[in-house]
Amino acid sequence: MKPKQRAAEESPVSINWSTGLLLGSSVQERTKTLGQLRGIFYDADSWSQMDLDTTVYCVRWWQPVPENTEGGLFWGTTTIEPGLVGDEYFMTHGHCHQQRNRAEIYSTISGEGALLLADAEGHTSMEVMTAGSTHYLRGEIAHRVANVGKSPLVFVACWPSDAGHDYETIATKGFLARLIRCHGVPTLLRNDANGS
Ligand code: M6P
Ligand code: ZN
């Protein structure tokens, strides 16, 4: 007799709460390198002189139900390496949700970070991420995370399986400010201001 195939939502997944490591046969993994983040960092000259194979962040996530399932949830851990492109901290690509009324929650496991939030006009604000900090993200607000520390920044996220990622909107009217290291301190600087 053929063994019964387990549905993804039944396959065991575990998280190590010290490291954030998500384990399970159905856990997927995606790494983003500097090269895959072309156009995301402000200082294109510094970016082009770096090793574009450098890993900036890695997401391991569990999709217990197919993408776009109404009422389902996804769960993942993101690890952002420490680093700078020019004066700008390593960060995620950033997105808002295709379905604007689908929210998300982030919780920091370890490291020091900043959550950048941009409204529909691109006005950008920042929330400090540190072990235990927990953040509610509205789906219409663009969100990206920067690692402002010296060690990896690890956070978990939970989002609806039908939220979808909208990467286009931030490409055209995204974040009007960037997070730079200024005299060693993370500082939100408007894109139209002089960062030097
Ligand atoms: C979190 C979640 C994911 C997202 C990931 C990386 O884990 O918000 O949905 O994919 O961060 O962010 P991005 O998609 O902007 O690269
Ligand atoms: Zn999101």
Strands (runs of 3 or more DSSP E) contained in the range 146-196 and holding at least 1 residues closer than 25 Å to residue 55 by Cβ and of a type in the set (Lys, Arg): 177-182
Neighbours by Cβ (under 6 Å, 6+ apart or cross-chain): first from the range 143-166, near ligand 2 (Cβ under 9 Å from one of its atoms); second aromatic (Phe, Trp, Tyr) and in a strand (DSSP E or B): 157/106; 159/74
Members of the range 73-105 that are charged (D, E, K, R) and away from ligand 2 (no atom under 13 Å from the Cβ): 81, 87, 88
Count of residues meeting criterion [within 20 Å of residue 139 (Cβ to Cβ), touching an Asp or Glu at 6+ places or on another chain (Cβ under 9 Å), away from ligand 1 (no atom under 15 Å from the Cβ) and part of a strand (DSSP E or B)] in the range 113-128: 1
Listing of strands (runs of 3 or more DSSP E) fully contained in the range 39-112 that carry 3 or more residues being of a type in the set (A, V, I, L, M, F, W, C) and within 16 Å of ligand 1 (Cβ to nearest atom): 55-62, 73-80
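Read-outs: derived from the displayed coordinates by stated rules, not from any lab. Bear in mind that the values here come from a model prediction, so they are computed numbers and not experimental data. FYI the Cβ positions are ideal-geometry reconstructions off the backbone, even for glycines, and counts take in every protein chain you see.
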